[in-house]
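Every number here is computed from the coordinates shown, using simple stated rules; none is lab data. Everything numeric here is computed off the predicted structure, so don't read it as measured data. Note that each Cβ is placed from the backbone with ideal geometry, even for glycine, and that neighbours are counted across all protein chains shown.
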Amino acid sequence: MRFSYFVLRRWLYSILVLFGLSILIFIIARMLPGDPARLALGPFALQEQVEHLRHVMGMDKPLPLQYWTYITGIFHGDFGLSFQTRRNVALDIAHYLPATVELVLMAIVWVLVLGVPLGVLAARYKDSWVDNLVRVMAFIGVAVPPFVVGLFLQLTFSYLLGILPTTGRLSLMTPAPPLRTGLLLLDSLIEGDFSALGDALKHIILPSFAIAMTGIGQIARLTRASMSDVANQDYIEASRGFGIPNRVIAFKYMLKPASIAPLTILGLTFASELSNAFLVETVFAWPGLAKYGIRAILRKDFNAVMGVVLIIGLAFVIVNLIVDILAGYVDPRIRIKHEEGE
Amino acid sequence: MEEKAILDIRDLHVWFRVYEGVSRVLDGVSLYVRGGEHVGLVGETGCGKTVAMKTAMGILRSPPALFPQGQVLLAGRDVLKAAPIELLRMKGKTISMIFQDPLSALNPVFTVGQQIFDVIRFGHRWIRDDGALTKTKVRGIAMEALTSVQLPDPRRILSLYPLELSGGMRQRVLIAMALVNRPRFLIADEPGSALDVTIQAQILSLLKSLVKEAGIAVLLITHDLGVVRETVERVYIMYAGRVVEEGQTVEIFDDPKHPYTQGLLSSVPRLTGEALAEGIPGTLSDYTEAPSGCRFHPRCPQAMEKCAQQKPPMVKVSTKQHVACYLYHGGGG
Ligand SMILES: Nc1ncnc2c1ncn2[C@@H]1O[C@H](COP(=O)(O)OP(=O)(O)OP(=O)(O)O)[C@@H](O)[C@H]1O
Ligand code: SF4
Ligand SMILES: [Mg+2]
């Protein structure tokens, strides 16, 4: 089947792009002024110590060789040492990534469970309060940076109303569930620990919503537009002519074609959520990759920067692959086009 | 009016709310089709044929459509006032329609099978109470329907998406879907006209044989006067949202009364005509500011003073021919 070729090719291209990205970041990180070894050891360290660290980090070798060592290391799960933590970056990422993944996944859930139905309702009841709400949300999503939304939510729900916690992933009093996936919601669910689950949920609501805001507005607007576009198509009129009940028309014959456009931008939504996560994690003291990444950038901890960038790139590739497959599944036109093409 | 009429449209007005105001498209259309009868509906593009028939099907979206006046009786039921469920029950079984454009009337993201199965499932629920409609049974009915429209390899076609079919095949699928629930009355809106001429001819002859076999009533919308002459017993001529002439096909072809019908027939190379109304100068006017009186008067070669003032009512000019034109008032004709 040609469609699988198409997906495979897309995937290979993405991997190539990841390589390109790694070279670019590698060069930028090494070319920036300032000596990371000196930064890491502080102004009072002896020159020999600095030289020693440079040697340990392989920084005294020629650049192409350094890159080669780095990239072959990756395939063994070795992302190099971090100057800040003196641990392998792979370990650091494994430590910080789950919190970010959980946050962004939760944001995607918000987008799907709020954005899509709001869009459907706005299309069904044009110019009603739902429609206006969607408009306002889309506007806020574009105009107000997510960390400001985050601050506002914090102010309202934590300080004023006091119903949701301000920061962190769990309360101090709540014992964390045993580590399995690193996603607290999932781990506590597996464990059957519902008090931890509830507590984790309370913590994640605000930051994930702040991140999702832009996406909810976008997806709702797009769903609304494509629902009303589909509603005017001849084939919907024809379905009514054939005596298909309205409920079946709405949830089957309209929803499927109308879901194609929102689906294709879901990859972009994910990307914007990841970038939103960087500042929102800071606002909510969320112990995720963003905090680690920002510190790495400030400290010129280049192995850590590389690692974070590559992992985010990889996440991006995977999400887009999933979106491609889903889009091909929902829209036969995409599949058939590639099966016929060439 | 007619006792055994399956469709009886009386003085139907359909307006659309549009940006410029109100578009008064149908302005008093009356038309009926008796059981088993084959009737033609002819008029140039934009005159409201499709709007009239979608109203009869009860599928015109409202808003923007408004129905300020008139009645549509379908098998005795008032379509404009019927409960949605009642309308639903009539689809497929009482009335069915072949839509004008076969390329856009099938849903692009479902297979032919998925679409035709639903048509059968939801249609048959009202027809057959003889036990459950199993999946295999539905499939069998669908295959039978596709075979009846002479589609090769129906099993394969069921699994294809509309995109994978040619225009002619899609038209056949739509005909199969329209007929699968055995309607008593079929509206055929310019069947095949979106396709090329040879395929169009095949589609028409197929449709003719199917309809004859099933013995159902048909309202055929067409631009092709040759087709009208060959296929229908009675014909309605529409102009700008009104029926201007009605009668036996033979009579109308032999002795057209309305100046518009006369123009229509003279503009057609005898019998083989396809293009319509090119012999009549001018174009249909905008429905937001439709001409007063007789809507044809700006283009009519015989227009009189009163034509612009009042709408000419239908008058009987022979036992079976009616015309809406002042030339025939006061015993003329
Ligand atoms: N939903 C709508 N809103 C506004 N105007 C409409 C709508 N549907 C149809 N019309 C108008 O009604 C008029 C009649 O349209 P209709 O489709 O019935 O013409 P037709 O006789 O079927 O023409 P054709 O032979 O091209 O199919 C046109 O002027 C069209 O613009
Ligand atoms: S009523 Fe007048 S304008 Fe209309 S067709 Fe007859 S003569 Fe022409
Ligand atoms: Mg039409």
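Note on B:A83 and A:L161: with the Förster distance fixed at 60 Å, the Cβ-Cβ geometry gives a FRET efficiency of about 0.80.
In order along the stretch B:88-94, phi translates into HN-Hα couplings of 4, 5, 7, 5, x, 8, 8 Hz, rounded to whole numbers, per the Karplus curve 6.51 cos²θ - 1.76 cosθ + 1.60 with θ = phi - 60° and x for Gly and Pro. Shielding by partners for peptide B:56-67, expressed as the average number of C-beta atoms from other protein chains within 10 Å of each residue's C-beta, is 2.
Give the Debye-formula value of log10 I(q)/I(0) at each listed q (0.18, 0.21, 0.32 Å⁻¹), with one equal scatterer per alpha carbon of the stretch A:186-229, two decimals each. Treating every Cα as an identical point scatterer, log10 I(q)/I(0) equals -0.65, -0.70, -0.98. Helix A:266-283 axis versus longest C-alpha principal axis of chain A: approximately 50°, rounded to the nearest ten.
Taking amide H positions as modeled 1.01 Å from N, with prolines and chain starts lacking one, the residues under 5 Å from B:L66 and 5 or more places away or on another chain are B:W15, B:F16, B:R17. Taking Cα centre as origin and charging only the Cβ of basic (Lys, Arg, +1) and acidic (Asp, Glu, -1) residues, the dipole magnitude of chain A rounds to 360 debye. Pairs from the list B:K4/B:K306; A:K256/B:K54; A:K337/B:K93; A:K256/B:K81; A:K252/B:K81; A:K126/B:K54 with a Cα-Cα gap above 29 Å: B:K4/B:K306; A:K337/B:K93; A:K256/B:K81. For chain A, the longest principal axis of the Cα atoms and the long axis of helix A:2-31 meet at an angle of about 40 degrees.
Since only B:G167, B:G48, B:L60 are under comparison, the one whose Cα sits farthest along the positive direction of the charge dipole of the stretch B:44-176, derived from C-beta charges on Lys, Arg, Asp and Glu, is B:L60. Annotation: extensible slack from A:R135 through A:L255 equals 41.1 nm (criterion: 0.36 nm per residue apart, minus Cα-Cα distance). Residues A:K300, B:K208, B:K135, B:K49, ranked from the fewest to the most other C-beta atoms within 10 Å, line up as B:K135, B:K208, A:K300, B:K49. DSSP beta bridges in chain B, what fraction antiparallel, as a percent rounded to 5? In chain B, DSSP labels about 60 percent of beta bridges as antiparallel.
If both residues of a DSSP beta bridge must be in the protein assembly as shown, then about 65% of such bridges are antiparallel. If only the Cβ of Lys and Arg carry +1 and only the Cβ of Asp and Glu carry -1, the dipole of chain B around its Cα centre is close to 1080 debye. Looking at A:V142, A:W11, A:G34, which one has the Cα that reaches farthest to the positive end of the dipole of chain A (charges on Cβ: Lys, Arg +1; Asp, Glu -1)? Highest projection toward the positive end goes to A:V142. Within the shell defined by Cβ-Cβ distances under 9 Å, the residues around A:A37 carry a net charge of 0, with Lys and Arg each +1 and Asp and Glu each -1. Taking a spot 7 Å from the Cα of A:D35 along the direction of its beta carbon, which residues of the stretch A:296-325 have an amide N less than 20 Å from it? Correct set: A:298-304. Look at where the Cα atoms of the stretch A:1-32 and of the stretch B:1-53 average out, and the two centres are 61 Å apart. Extension gain for B:Q71 to B:E305 (0.36 nm times residue separation, less C-alpha to C-alpha distance): 81.1 nm. Scaling against 2.2 N^0.38 Å puts the C-alpha radius of gyration of chain B at 1.03. Working value for the stretch A:264-342: equivalent-ellipsoid semi-axes of 35, 14, 7 Å, each the square root of 5 times a Cα gyration tensor eigenvalue, largest first.
The charge dipole of the protein assembly as shown, taken about the Cα centre with unit charges on the Cβ atoms of Lys, Arg (+1) and Asp, Glu (-1), comes to about 860 debye, rounded to the nearest 20. Per-residue Karplus couplings for the stretch B:306-314, computed as 6.51 cos²θ - 1.76 cosθ + 1.60 with θ equal to phi - 60°, are listed in order as 6, 4, 7, 9, 9, 5, x, x, 5 Hz, Gly and Pro entered as x. Proximity of backbone amide H atoms, modeled 1.01 Å from N, is registered between B:M97 and B:I187 at under 5 Å, excluding neighbours fewer than 5 places apart on the same chain.
Taking 0.36 nm per residue of sequence separation and removing the Cα-Cα distance, the A:A143/A:E191 pair yields an extension gain of 13.2 nm. The ellipsoid that matches the Cα gyration tensor of chain A has semi-axes, each √(5λ) in whole angstrom, of 42, 27, 17, with the longest given first. Neighbouring Cβ atoms from other chains, within 10 Å of the Cβ of residues in B:101-108, number 6 on average.
Working note: Cα atoms of the stretch A:53-208, range along each principal axis, descending, whole Å: 66, 38, 29.
Most tightly packed first, judged by the mean number of other beta-carbon atoms within 10 Å of their residues, the peptides A:133-140, A:290-297, A:304-311 read A:304-311, A:290-297, A:133-140. Pairs of Cα atoms nearer than 8 Å and 6+ residues apart set the relative contact order; for chain A it is 27 percent. Estimated purely from DSSP H runs of n ≥ 4, each contributing -39500 (n - 2.57), the mean residue ellipticity at 222 nm for chain B is -9000 deg cm²/dmol once divided by its residues. Annotation for B:S266 and A:L8: the two label points, set 7 Å from Cα along the Cα-Cβ direction, are 7.1 nm apart.
GNM on chain B, alpha-carbon springs under 10 angstrom: the most fluctuating residue among B:D27, B:D224, B:D255 is B:D255. Estimated from the Cβ-Cβ distance and a Förster radius of 51 angstrom, the FRET efficiency linking A:N232 and B:E230 is about 0.90. The angle between the Cα long axis of helix A:63-74 and the longest principal axis of the Cα atoms of chain A comes to about 60 degrees, rounded to the nearest 10. Which net charge results for the neighbourhood of A:G141, defined as the other residues with beta-carbon distances under 11 angstrom from its beta-carbon, given Lys and Arg at +1 and Asp and Glu at -1? Surrounding charge for A:G141 is +2. The mean sequence distance of close C-alpha pairs (under 8 Å, at least 6 residues apart), as a share of the length of chain B, puts its relative contact order at 20 percent.
Summing charges over neighbours of A:D131, with a neighbour being any other residue whose Cβ is under 15 Å away from its Cβ, gives +4 when K and R count +1 and D and E count -1. Between A:M59 and any residue 5 or more places off or on another chain, the built amide H atoms are never under 5 Å apart. Peptides A:205-213, B:166-174 ranked from most to least packed by the mean count of surrounding Cβ atoms within 10 Å: A:205-213, B:166-174.
When each full DSSP H helix of chain B is screened for a Cα extent of at least 15 Å along its own axis and an average Kyte-Doolittle hydropathy of at least -1.0, the helices passing are B:112-127, B:135-148, B:167-179, B:197-214. Using the Cβ-Cβ distance between B:R17 and B:S318 with R0 set to 51 Å, the FRET efficiency from 1/(1 + (r/R0)^6) comes to roughly 0.80.
Across all directions, the average projected area of the convex hull around the alpha carbons of the stretch A:34-78 is 3.5 nm². Spread over its residues, the convex hull of the C-alpha atoms of the protein assembly as shown is 228 Å³ per residue. Across the stretch B:20-113, Cα pairs under 8 Å and at least six residues apart give a relative contact order of 19 percent. Here the 3J(HN,Hα) profile of the stretch A:244-260, calculated from phi with Karplus coefficients 6.51, -1.76 and 1.60 at θ = phi - 60°, is 6, x, 3, 4, 5, 4, 5, 8, 10, 6, 9, 4, 5, x, 6, 7, 5 Hz, Gly and Pro shown as x.
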